[in-house]
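Note sheet for the following structure.
The values are calculated or read from the model by the stated rules, or taken from the named source; none is laboratory data. A quick note: this is a predicted structure, and the numbers were derived from the prediction, not measured. No Cβ is skipped: glycine too gets one built from the backbone with ideal geometry, and neighbour counts run over all protein chains shown. The area values use the complete protein model at the heavy-atom level, side chains included, leaving out ligands, DNA and RNA. Shrake-Rupley method; radii C 1.70, N 1.55, O 1.52, S 1.80 Å.
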Amino acid sequence: RMANVRTRTGLRAAGQVELASADAPPDWHRADILRDHLKETWPGLGTPERMTRWQGNRPSTPDGRPVIGRARHSADILHAFGHGHIGLASAPMTAALITDLVAGRPPRLDIAPLAAARFR
């Protein structure tokens with residue numbers, strides 16, 4: 001599966017996940033699969049020399065649950081990361097929870113068990 005998105009500079013293909021440590025070099029095999037699909041889907045796209053590959057790290061957690069809450073060592077820092085591939089769908093509720101914390105209100109959902117498990 002992949003998504004093709006038009007950008008100001010061309011076309012972006014996305015949709016592959018590589019689970020590895022943050023310092024591991026990228027395995028470009030997945031990007032090459034996307035490139036090959038792009039060439040089939042968009043025949044006039046251009047030559048591979050005009051294409052660039054890019055890889056970015058996305059913070060994730062071992063159990064797939066996001067980290068939402070105050071940092072253990074500094075109450076001024078709020079965490080809201082690790083949503084994986086459900087970030088867009090989770091953004092509204094995460095924003096509401098962080099807004100509650102910033103405003104000094106109890107969060108509308110109980111985040112204590114998840115937050116406590118993350119920061120021990």
Study note, to complete from the structure: Flagged pairs (Cβ under 9 angstrom, 6 or more apart or on separate chains; first in segment 87-110, loosely packed, with under 11 Cβ neighbours inside 10 Å; second assigned to a helix (DSSP H, G or I) and not acidic (Asp, Glu)) are 105/99
Point to revise | Filter result for residue 62 (within 23 Å of residue 2 (Cβ to Cβ), open to solvent by 40 Å² or more (accessible area, probe 1.4 Å) and either more than 12 Å from the chain's Cα centre (by Cα) or of a type in the set (Val, Ile, Thr) (or both)) | key: no
Exercise for review: Just need a number here: residues in segment 12-44 that are aliphatic (A, V, I, L, M) and open to solvent by 50 Å² or more (accessible area, probe 1.4 Å).
Suggested key: 5
